[in-house]
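> I'd like to ask some things about the structure below.
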Amino acid sequence: MVAQSKGGARTSVLDHRFGAGPALTVGVEEEYMLLDPSTLELVSGVEPLLEEAAQSEFSDRLKPELIQCVLESGTIPCETIGDVSTDLRRVRGWIAERAVAHGMRLGAAGTHPFSLFERQKITARDRYRALVEMLQYIARRELVFGMHVHVAVPSPEACLAVMEGVLIELPVLLALSTNSPFWRGEATGLQSTRAQIFASFPRSGLPPRFESYQDYADAVGFMEATGAIADYTHLWWDVRPHPRFGTLEIRVMDVQTRVEDTVALAAYVQCLVKHLVDQLESGRPVLSYHRMLLSENKWLAARYGLEAPLMDLAAGRRVKLPARTLARRRLRELKPIARELGCQDALARIEWILDNGTGADRQLQVWNANRDLVEVADEIAKAAAAV
């Protein structure tokens, strides 16, 4: 970030890679939980996995997170959703195998059903120590697991416009991905408890509206110059530009237990971004919506999942429709795009989720059989490692 004077006004330059490579390439990041094989409690075991990963082909793909029971993985930039699926299965398979070798199991869900954050260790890195020092209880409580989808966009201005257009879809994406109905040994009554826990972070939730990429760069530059943030990655919005990667990053979703659900959501996001880019390139403006209405829909999605009664903002009617209905309507629009991108089979899994339920629904089904959260955690571990 370089500050300069122009016409008496302070402006900022934020280097970026938008348009540096092919548009619409996709990358997926997932945050996994490391489990004790006997108790299925979370275990602070990330360091031996990172040490082994450093000597492997995944040396730049596996990273620590704030808490030592969390391992973050990332795919390579993929041109197709088929490539995403292949890469995700390879990296998940490697982690699951090496976790067992180190006396652990791999798990994937938005929250652990019963482990307590007070018993977890903070990762011994300056970045995370500084984060805990700044955020205190808010950081220590952040025992949640998300998935992020990056899609390359052709220009910085396109990124900001597509980000605005994606906002209306965030509640539906959250509803489709809900996978955290338990917290600290209790059924919370929420389908995505993770969303509500992470909402306590500063600079989280919906991004503000920006007039242009320069407007965004100036705001980031001001916050960096004053020390409010170290860099733009400390803007933890549900969707954000990622200038260094040249992508739009969608961050609203719970991590998925089953890899096929991750792939399906990545396909949905890629098709949605292409839909909006095509709209821009045809000269049609992307519509903006009031943040208050979007926030209400997001809350409803976190509370009720696919049954959430969402305001039908796209149609402009003052009615509510189930998130499931809005997702089916959007799917009809995205299917031709999926055929063009070659991801129609992956996108079809969204239909399966709509018919059969989300990860949260499956967790609750297991729990309702015996009211045993250890069974829930065991099911999470079995399904997460089945690649």
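> Name the residue, out of Leu265, Leu313, Leu42, whose mean-square fluctuation peaks in a Gaussian network model built on the chain with Cα pairs under 10 Å.
Leu313
> Return the FRET efficiency for the residue pair Asn368, Glu340: r is the Cβ-Cβ distance, R0 is 35 Å, and the value is rounded to the nearest 0.05. Kindly include the intermediate steps, with their values, before the conclusion.
On the way: r = 41 Å, r/R0 = 1.18.
Calculated value: 0.25.
> Still on this structure, I have one more. First measure r as the distance between the Cβ atoms of Asp215 and Asp36, then evaluate 1/(1 + (r/R0)^6) with R0 = 56 Å and state the FRET efficiency to the nearest 0.05. All intermediate terms of the calculation are to be shown ahead of the outcome.
Working: r = 48 Å, r/R0 = 0.86.
Here the calculated transfer efficiency is 0.70.
> Which aspartates and glutamates, on any chain, are close to Lys298 with Cα under 19 Å apart, when same-chain ones fewer than 8 places away are left out?
Glu164, Glu169, Asp238, Glu249, Asp254, Glu307, Asp312, Asp361
> Turning to a different aspect of this structure: Per residue, how many Å² of accessible area does the chain show with a 1.4 Å probe? All intermediate terms of the calculation are to be shown ahead of the outcome.
Working: 16080 Å² over 387 residues.
Solvent-accessible surface per residue comes out at 42 Å².
> Convex hull over the alpha-carbon atoms of segment 162-271: what's its volume per residue in Å³?
Working: hull volume 13.5 nm³, N = 110.
It is 123 Å³ per residue.
> Please give the peptides 247-259, 372-384 ranked by average Cβ packing (other Cβ atoms within 10 Å per residue), highest first, as a rough proxy for protection. Kindly include the intermediate steps, with their values, before the conclusion.
Numbers: 247-259: 25.6, 372-384: 19.6.
Going from most to least packed, we get 247-259, 372-384.
> Here's something else I'd like to know. Using packing as a proxy for protection, rank 107-114, 300-307, 332-339 so that the peptide with the highest average count of other Cβ atoms within 10 Å comes first.
Packing proxy ranking, top to bottom: 107-114, 300-307, 332-339.
> Based on alpha-carbon positions alone, could you give the equivalent ellipsoid semi-axes of segment 1-158 from the gyration tensor, as √(5λ), descending, whole Å?
Values: eigenvalues 212, 106, 36 Å².
Listed largest to smallest, the semi-axes of segment 1-158 are 33, 23, 13 Å.
> Also, quick follow-up: Let me spell out the model: positive unit charges on the Cβ of Lys and Arg, negative unit charges on the Cβ of Asp and Glu, origin at the Cα centre of segment 74-178. What dipole size does that give, in debye rounded to 20?
Values: 12 positive and 11 negative charges, 155 e Å.
Roughly 740 debye, rounded to the nearest 20.
> Please find the FRET efficiency linking Thr188 to Arg317, where r is the Cβ-Cβ separation and R0 is fixed at 35 Å, and quote it to the nearest 0.05. Don't jump to the answer; show the numbers that get you there.
Values: r = 31 Å, r/R0 = 0.90.
It comes out at approximately 0.65.
> Arrange the peptides 280-288, 167-175, 81-89, 29-37 so that the one whose residues have, on average, the most other Cβ atoms within 10 Å appears first. Provide the component values of the computation, followed by the final result.
Details: 280-288: 11.7, 167-175: 25.3, 81-89: 19.9, 29-37: 21.6.
Per-residue mean Cβ counts within 10 Å order the peptides as 167-175, 29-37, 81-89, 280-288.
> Ignoring ligands, DNA and RNA, what percent of the 1.4 Å accessible area of the chain is carbon and sulfur? If you can, show how the numbers build up before the last one.
Details: 8110 of 16080 Å².
Within the chain, the accessible surface is 50 percent carbon and sulfur.
> What number in nm² do you get for the chain if you take the convex hull of its Cα atoms and divide its surface by four?
Numbers: hull surface 75.9 nm².
If you wrap the Cα atoms of the chain in a convex hull and average its projections, you get 19.0 nm².
> Do me a favour and compute the ellipsoid semi-axes for segment 125-194 from its Cα gyration tensor, root of five times each eigenvalue, largest one first, whole Å. Mind dumping the intermediate values first?
Working: eigenvalues 159, 95, 17 Å².
Taking √(5λ) for each Cα gyration eigenvalue gives 28, 22, 9 Å.
> To the nearest µm²/s, what D does Stokes-Einstein give for segment 209-265 at 25 °C and 0.890 mPa s, using the Kirkwood radius over alpha carbon pairs as Rh?
Values: Rh = 13.2 Å.
This corresponds to a translational diffusion coefficient of 186 µm²/s.
> What Kirkwood hydrodynamic radius, in Å, does segment 87-160 give when the mean of 1/r is taken over all pairs of distinct Cα atoms and then inverted? Numbers along the way, then the final one.
Numbers: mean 1/r = 0.0635 Å⁻¹.
Computed over segment 87-160, the radius equals 15.8 Å.
> Using only the Cα atoms of segment 231-326, what are the Rg and Dmax in Å?
15.1, 41
> Using the Cα atoms as the points, what is the convex hull volume per residue of segment 279-387 in Å³? Write down the numbers at each step before the final one.
On the way: hull volume 16.1 nm³, N = 109.
Hull volume over Cα atoms, normalised by residue count, gives 147 Å³.
> Using 32 Å as the Cα-Cα cut-off, could you pick out the over-long pairs in Lys121/Lys382; Lys274/Lys320; Lys63/Lys274; Lys63/Lys335? Kindly include the intermediate steps, with their values, before the conclusion.
Working: Lys121/Lys382 25 Å; Lys274/Lys320 27 Å; Lys63/Lys274 29 Å; Lys63/Lys335 35 Å.
With Cα atoms farther than 32 Å apart: Lys63/Lys335.
The values are calculated or read from the model by the stated rules, or taken from the named source; none is laboratory data. Just so we're clear, the structure is a prediction, and the values are computed from it rather than from any experiment. With ideal geometry, Cβ positions are generated from the backbone for all residues, glycine too; neighbour counts draw on all protein chains shown. Areas reflect the complete protein model, heavy atoms only, side chains present, ligands, DNA and RNA absent. Shrake-Rupley method; radii C 1.70, N 1.55, O 1.52, S 1.80 Å.
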